[in-house]
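The values are calculated or read from the model by the stated rules, or taken from the named source; none is laboratory data. Nothing here was measured: the structure is a model prediction, and the numbers come from that model. All Cβ positions, glycine included, derive from the backbone under ideal geometry; neighbour counts span all protein chains shown. The protein model used for the area step is the full one, side chains on, heavy atoms only, and it has no ligands, DNA or RNA in it. Shrake-Rupley method; radii C 1.70, N 1.55, O 1.52, S 1.80 Å.
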Amino acid sequence: MQIRLKSHHSHKQANTILKNPTRVIVTSFALIIALGTFLLMMPFSSRTGEFTKFMDAFFTATSATCVTGLIVVDTYQHFSTLGQIIVLCLIQLGGLGLVTITTFFHVALRKKIGLKTRQLAQESINSGTPENTAELLLMLIKLTLGIELVGAVILSSVLIPQFGLDGIFISIFLSVSSYCNAGFDILGRLENFSSLVHYFDNPIVLVTIVLLITAGGLGFIVWFDLYQYRKTKHLNFHTKIVLVATLLLNVVGTLFILISEWSNPNTIGQMNTGEKILNSLFLSVSCRTAGFNTFDLGSMYGTTKLACIIWMFIGAAPGSTGGGVKITTFTVLIMTVVCVLRGKGETLILGRKVDKNVIYKSLTIIFIGMVAVFAATVFIGFTIHSEGTQVQDINALFESVSAFSTAGLSAGVTAVANLPSRIILIATMFLGRVGPVSLALSLAARTQSNKHHVYPDAKIIVG
């Protein structure tokens, strides 16, 4: 009898945890980071065979699991082959794990809270039905491994001739890191913290990584919708928004970077026209959460840094391996502003009305993101300046947004960050990876419970 009671209690406790998506997501990520930190601290993970400092291992494990890409030690120079494999596993778990968990909860919650089909332009996944959850998750795994394999094969055509058999592992590492929008690399054998600067003139490498980043950043609901298109001959509204917004952001970002940095000798100024276009496209795609760079980002003009900050904050699509507040959230905000300026009483996107709850959630997520970034920027600037190190405010903002959006691009702040600043960056990376998703799920779960309350109108003059 006692055994049954314990079993019943454990089952009830498990159900309680599973009914709280926020707790599941936060706990799972915290456990992965804790395990990754422990493994990376061990002597077998370092190239010298010595213990790695706790903070260095903790920072690396958080950055890899949150698929950010900010690093305090060069992945190749510091970690052994086994350590690099551990980092790779953390990236794969961080990218695929969160998407798998959140996809499951979003699909399950859709029926529970009765989200409408027209709410496809929101900050989280809400397409599909519980009946196709298994099919969706199976496709998710196959799609991930398939794209990563194809990417590795293409990259190996360049890296195997250059590095021999080591090029196979480098290709796999880069492919997984690119698809998961992580920004980690093991090219430190060429130069410490070099990222892809030695491949600025190699279209095979850069175009392949751009396609991998884009594939991972579209979101699995979009891929599932495209997969079913041969049967349905119809694309969901969410898919259309993601595809259009992604194309616009890539084109506008490329043109802005190209024009702004055209004559900058420290970035793309010394490149030929084709290389300038290719590297501008690469940064435009990469800065929306991937974290690779082909030139020194700290040398960019202030206007370019500001544009990259905006692009990083927007991020990728919902349910993807990328971060940020999400392009659908940003699209809802922009179209709400446009419709208000045009005197419309509803937010319309491509002739569809957006539910007010979606608008409220979008505003909430963006506001909280801005507060988190502002707080991180102030703390980083204050803690670094307090030790006499001078960091430009825009670089502190750049680093904070990069951490929150899990973009992983660095303007040089992480390299000089002291202990308090690193702790702030770790917290910002973790919040940026699990925070917006957890918040979206939490708000979605509470929508139904609040809809029956009726309150008197409040007349407030604004503006």
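Can you tell me which residue within the range 190-221, out of those that are at pLDDT below 90 and surrounded by 21 or more Cβ atoms within 10 Å (Cβ to Cβ), is nearest to PRO318 (Cα to Cα)? If we take residues in the range 190-221 being at pLDDT below 90 and surrounded by 21 or more Cβ atoms within 10 Å (Cβ to Cβ), then GLY219 is nearest to PRO318 (Cα to Cα).
Quick check: is even one residue across the range 226-248 at positive phi and among the polar types (S, T, N, Q)? No, the range 226-248 contains no residue that is at positive phi and among the polar types (S, T, N, Q). The listed residues are THR321, THR331, and the only one of them that is in contact with a strand residue (DSSP E or B) (Cβ under 7 Å, 6 or more places away or on another chain) and either open to solvent by less than 70 Å² (accessible area, probe 1.4 Å) or modelled with pLDDT of 90 or more (or both) turns out to be THR331. Residues in the range 107-115: is at least one part of a helix (DSSP H, G or I), surrounded by 21 or more Cβ atoms within 10 Å (Cβ to Cβ) and at pLDDT 70 or above? For the range 107-115, residues part of a helix (DSSP H, G or I), surrounded by 21 or more Cβ atoms within 10 Å (Cβ to Cβ) and at pLDDT 70 or above: absent. Residue count for the range 343-357 under the criterion of being touching a Leu at 6+ places or on another chain (Cβ under 9 Å) and either part of a strand (DSSP E or B) or within 20 Å of GLY435 (Cβ to Cβ) (or both): the result is 2. The listed residues are THR321, THR328, and the only one of them that is of a type in the set (Ser, Thr, Tyr) and part of a loop (DSSP other than H, G, I, E, B) turns out to be THR321. Considered as a group, the residues in the range 139-177 that are within 17 Å of TYR199 (Cβ to Cβ), buried (at least 17 other Cβ atoms within 10 Å of the Cβ) and polar (S, T, N, Q) include one that is nearest to the chain's Cα centre (by Cα), and that residue is SER177.
Exactly one residue among THR102, THR52, THR22, THR60 is at pLDDT below 95 and either in contact with a strand residue (DSSP E or B) (Cβ under 8 Å, 6 or more places away or on another chain) or crowded, with 22+ Cβ neighbours inside 10 Å (or both), and that residue is THR102. Considering the range 258-276, the residues that are within 29 Å of the chain's Cα centre (by Cα) and under 14 Å from THR303 (Cα atoms) include one that is surrounded by the fewest Cβ atoms within 10 Å (Cβ to Cβ), namely ILE259. Which residues, counting only those in the range 405-422, are of a type in the set (Gly, Ala, Ser) and either part of a loop (DSSP other than H, G, I, E, B) or under 20 Å from GLY315 (Cα atoms) (or both)? Residues satisfying the conditions are SER405, ALA407, GLY408, SER410, ALA411, GLY412, ALA417. Checking each residue in the range 291-318 for being assigned to a loop (DSSP other than H, G, I, E, B), surrounded by 24 or more Cβ atoms within 10 Å (Cβ to Cβ) and not polar (S, T, N, Q) picks out GLY291, PHE292, MET300, GLY315, ALA316, ALA317, PRO318. Within the option set ILE147, ILE172, ILE125, ILE154, being modelled with pLDDT under 80 and either closer than 25 Å to ASN236 by Cα or in a helix (DSSP H, G or I) (or both) holds for one residue only, ILE125.
In the range 202-214 there is no residue that is outside any helix (DSSP H, G or I) and touching a residue at least 60 places away in the same chain (Cβ under 8 Å).
Inside the range 382-403, can you point out the residues that are open to solvent by 10 Å² or more (accessible area, probe 1.4 Å) and under 24 Å from the mean Cα position of the chain (by Cα)? Within the range 382-403, ASP393, ILE394, ASN395, LEU397 meet the criteria.
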